[in-house]
Each structure stands twice: as structure tokens, then as C-alpha cells.
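The values are calculated or read from the model by the stated rules, or taken from the named source; none is laboratory data. Here the structure is a predicted model, which means the values were calculated and not measured. Reconstructed Cβ throughout: ideal geometry from the backbone, glycine too, with neighbour counts over all protein chains shown.
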Amino acid sequence: MQTLPKVLLIHRSTLICEVLRESLEQREYDVVSYATSGEDALKNTSKYKPDVIIVSNYLSDYSGLEIVNQLNKESFKGSFIFLSQSATDARLVHQKLNVAGHIHTFDGMSELFFALQEIRSGRQYTSQSVKKEISKSYKEETDSIQMDTAILKSLTPRELQIMQALADSNTTPQIAKQFLISPATVNNHRANIMHKLKLRGRNQLIGVAISLKPFYDSDAA
């Protein structure tokens, strides 16, 4: 009988982690642990060495995208199933991450089990609802974001550096270390950028940073 993979859950809600754990264990999956913060997620991955990580995008200290990027940098050998919660989430994951499974938070357990089954068979899986969200987000981006250097001209040199670092998937601690400033200062710069560009949250900020990436070099020149 084929051994089911070891699973680590990453979600900011303890209740949701417990519900997911119970459902997975009823199907005899080995849920080794769960984490509600990015810091715990990194520690638990190192400690338990899961085969599959199921990760949501919204944590208290990191985004799910930052967690996946950091673990990839640390040569994590397992697979990721990403739980998107919005069209922006779906597009960013589609653009930036190579995950084995990609479903919407509201898809339900049947989609999660199907994604796990596909991964065990060596295939990738993206749910239909996520595909629709990706298409929707690209249309919204085309309609609402004008990717030109005028946006960059409203930023200070330091804010521009922060945007470049975000586009390269650096976390707040990594940005602070790179520019020899405190994490609190990084967060202040991010808040100022979001105010200037009228952005609503961290994920939208990262999305705009990625979208503007082709213009950084030309603006610097």
C-alpha cells in the first residue's frame, strides 16, 4: 500500500488548521503539524520535513508567497498546494511560483483531496475557480494599472529600492538586512508606497512591484 504524504498546514487561523487537520487525518494523511505564522512555518518545515505544504497567503508576519519563496531558497524538496483567497492572490501565484497544486479557499475539501491525489500521481493541479480568478485579475490589471515610469517618479530613491526588492521576492527581514535599516523602517516605507500609489494591501503592493519590474532599470538609467 502506498504511503500517504506527510502534510504541514500553514494558515493564520488555528480553527481552520484544526478543521483541515481533522479532514485530512480522516483520509489517513499524516498531518505532522500546522503553523499560524511565517516564523513557525519555517521552523516546522525544518523540524518535520513534510512532503506537502498546504499554505494560505495571509499570515501575521509573512505572506504565503514569501513563505514559498523562502523555502525554495532553502531547497525545500516537497510540494506546495497554495490556497488563494482572491484574484490578486491567484495571479501572483501564477506569475511568481511554481506550485504543484493551486486551489481557491472556497473550493472545498473535495478539491483539496483531488489536488493531493494529482500530486501523488506526479501531476500539477489548478482548480477551475482559480483559473477564472487568474483571468479576472489580468483583466483588472490591464484596466487599472498603467505600467509606465510616471508611477515610479512619485517614489523616493529608497522607496524605489524597496519596490525592486519586493519584486525580487525579498521578505521584510531580508530587505532590512540588505539596506542596513530596521524592519520597522521597511514597513514604514511600504506604508508610504501604498499611500502614494493608493494600494489596499501587501499583496496588491507586491503585484504592482512585479508589474513594474521592467521599468526599474530604464528609470535608473
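Listed values, structure above:
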{"item": "Residue that is surrounded by the most Cβ atoms within 10 Å (Cβ to Cβ), among those in the range 171-191 that are out of contact with any helix residue (DSSP H, G or I) (no Cβ under 7 Å at 6 or more places or on another chain) and within 15 Å of Tyr62 (Cα to Cα)", "result": "Gln174"}
{"item": "The range 192-219 - residue that is modelled with pLDDT under 80 and of a type in the set (Gly, Ala, Ser) and, of those, surrounded by the most Cβ atoms within 10 Å (Cβ to Cβ)", "result": "Gly207"}
{"item": "Residue in the range 130-149 that is exposed (fewer than 15 other Cβ atoms within 10 Å of the Cβ), closer than 15 Å to Asp89 by Cα and modelled with pLDDT of 80 or more present", "result": "yes"}
